[in-house]
Amino acid sequence: MELIQGFISAFQYLFNHPLNWLLLLFGTIWGILFGCVPGLTGIVGVALLIPFTFTLNPIEGLLMLGAVYVGSTFGGSISAILFNTPGAPEAACTTLDGYPMAKKGQAGKAIGYALSASAIGGLFGTIVLILLAPPLSEMALAFGPPEYFALAILGITAIASIGTKSVFKSLLSGMIGLGLATVGMDPLTSNARFNFGSKLLLTGISFIPAIIGLFALSEVLKRSGESLRAMAVDAGSKVLTKLPSLREIWDLKITLLRSSIIGTFIGVLPGVGATTAAFIGYSEAVRWSKHPEKFGTGVPEGIVAPESANNSAVGGSMVPLLSMGIPGSATTAVMIGGLTIHGIIPGPMLMVQNQDLVYSVFIGMLIANVLMIFFGIKIASQFGKILKIPYVLVGPSIIVLCMTGVFALRNNMMDLVVMLALGGFGYLLQELDYPIAPLIIGLVLGPIAEVSLRRAMILNNFDIIAVVTHPIAGVMLLISALSLIYGLYGQYRRQRERKKISPAP
Amino acid sequence: MVKRIVDLVFTVAVFVGSVYLWFVADRFPEFLKYKNVDSDFWPKIILATMAILSLCILYENIAAVRLQRRETKAPVSLGDDRSVSGVRWKTVIAMGVLCIAYYWGLNLFGFIIATIVFMWLAIVVIGGAGKWAAVVFPLIFTVGLALIFVKGLELSLPRGVWLFRDLSLLFY
């Protein structure tokens, strides 16, 4: 009853103040634009608008920031699909199947899948936020270091199945990612590790330059090596964003539901965020698929899984923010600034003292997800026109845009070095049939896995058995072990079949 | 053949690198408080796994060569050359060198000069663009991007050093 009254009151407020609608519209478009430019990201989009919220009232300010967050989470998939350049970290997974689908001449369809999945995931996450914020936040508190460690391992072990003939190469790529994540200061002891005396590397390998280098730069190098005829064929492509039919959406219902649930739950966990949600959503889609070998070739599930997961994580990450005052992601951490400017302290009392604010945010996020569909189509179509420009002009432009965007992040030239080095390394890995996705997953989940394991060991008197036998952690680790064994067995079986076909002389 | 050799060299390099970094990790300072889970705990797990995996891949490559020999009964072809032919390697290498040069150019000459020169050279290296597009597009793109970042978003761009810094300051 209280919920219904709260909603009615919030709706009345929104309808009586048309400025809120304008702010929602502006925020969604701003978010999509920031999301689709590599290096800019939703965090920058939110941070740039925070000073402007000073001139607005708290509800208006939070509506606008929430819309930016929603829009930017989808926006990254536009450049991910069209140019293999994730505009935001949470779109890194979308490149894996989005770009191959675009190369098959189905860029519009790929963007349509991304847009629908984002909207469905976003609406799911927001509805869960509305209905289940308090119990979900209590459940999140039950997640301790062993559970976080097991969650990271769950995401990493799925890499064994991702797009390669060799499970060992997949695992090694993931291990390289985990290894790169250890460069910099040890999060527990503050020891410098593997920086070889360089002060610039003390902050570690920053994630955004790494993914831009591994995806965008290596792709430009690869395309530069193509024949001029191959480049000219692509220049004729048209992008007509086409939303999937209801039938096509229905065929993907399991993937959508699973990824939305995963994304919402991971979004609720403090400090994890949409990027991790996207990767785990994708890796679970691979794990449970009847045809995991097709992932990476341009299948709809490969787009729908990460996009619904990352957008549902947006709603999920608002749960700890609004109910406990703990940011669920980096973007919500920045949004706290928007609340603080108005003297509002997020936490358990927020829902009691500022009900109008909370329910307005709920409605605003629902509306932003719907607006995203309309404006996402328009913006994607405009971006798609870039495909008509010859690649000889687009390729160097992408490099310039990436360098500029990466520099703008922290004004740190080391980020450019990281981007260049990993760009060349990514190119080499692809030529040697090492998949890039596991490396990215390792880089994202490595810090979570390490810190959680070490904390869990400390809390359990260095008894690893006690760590892995926590109920939730134990179940997740068991699933991880089984999927790894299954992946290795599958490879062994394929090799045996090949040997049978060609018997020894 | 080239690809297979590069693959073998890469795998050996990963193995040797893992072993080397293991000894580097061994020399990290120790903290009594974190006695069994010190700074080297996690890196050593990763490095040991990498070393084992690289040996497994080495074995896989050797097994693949033997299987290929059995199938074709021909002299060993140490790689799938289909992916190697048709790639303009000189262009790829030149683009890689240009990217590195662009990084240095940003530091020395600032964004505007470095970007225009980089784009002109990159277009020549990749090839296939019309003359007017090759000359005009980099100018428009660079100015447009500088305006968006500096005036629109108020984010700073590299200014360069010495005279070039003064020149950049005229614009942003």
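Of the helices (runs of 4 or more DSSP H) entirely within the range B:99-172, those holding at least 2 residues that are in contact with a Lys or Arg (Cβ under 7 Å, 6 or more places away or on another chain) occupy B:162-171. All of (1) at pLDDT 85 or above; (2) in contact with a helix residue (DSSP H, G or I) (Cβ under 8 Å, 6 or more places away or on another chain) hold for residue B:79 with one exception: (1). Residue pairs whose Cβ atoms lie under 9 Å apart, separated by 6 or more positions or on different chains, with the first residue in the range B:154-167 and of a type in the set (S, T, N, Q) and the second exposed (fewer than 13 other Cβ atoms within 10 Å of the Cβ), are B:156/A:411. Selection of the range B:47-58 for residues being facing chain A (nearest Cβ under 9 Å) and out of contact with any Ser or Thr (no Cβ under 7 Å at 6 or more places or on another chain) yields B:49, B:53, B:56. Restricting A:19, A:48, A:33 to residues that are closer than 30 Å to residue A:401 by Cα, surrounded by fewer than 20 Cβ atoms within 10 Å (Cβ to Cβ), out of contact with any helix residue (DSSP H, G or I) (no Cβ under 6 Å at 6 or more places or on another chain) and aliphatic (A, V, I, L, M) narrows the list to A:48. When residue A:177 is tested against (1) at the interface with chain B (Cβ under 9 Å from one of its Cβ atoms); (2) assigned to a helix (DSSP H, G or I), just one condition goes unmet, and that condition is (1). The single condition from (1) outside any helix (DSSP H, G or I); (2) out of contact with any Ser or Thr (no Cβ under 6 Å at 6 or more places or on another chain); (3) not β-branched (Val, Ile, Thr) that residue A:96 fails is (1). Quick one: in the range B:82-98, of everything that is more than 7 Å from chain A (Cβ to nearest Cβ) and in a helix (DSSP H, G or I), which residue is modelled with the lowest pLDDT? Once the filter is applied, the top-ranked residue is B:90. Screening residue A:434 against (1) within 23 Å of the chain's Cα centre (by Cα); (2) more than 9 Å from chain B (Cβ to nearest Cβ); (3) not hydrophobic (A, V, I, L, M, F, W, C) leaves a single unmet condition, (2). Screening residue A:371 with (1) within 14 Å of another protein chain (Cβ to nearest Cβ); (2) surrounded by 18 or more Cβ atoms within 10 Å (Cβ to Cβ); (3) in contact (Cβ under 8 Å) with a residue 60 or more places away in the chain gives one miss only, at (1). Looking at this structure, is residue A:447 under 27 Å from residue A:272 (Cα atoms) and away from chain B (no Cβ under 12 Å)? Criteria not met by residue A:447. For residue B:120, the criteria (1) within 22 Å of residue A:410 (Cα to Cα); (2) more than 7 Å from chain A (Cβ to nearest Cβ) hold in every case but one, which is (1).
The values are calculated or read from the model by the stated rules, or taken from the named source; none is laboratory data. Owing to the predicted nature of the structure, the values given are computational and were not obtained by experimental measurement. FYI the Cβ positions are ideal-geometry reconstructions off the backbone, even for glycines, and counts take in every protein chain you see.
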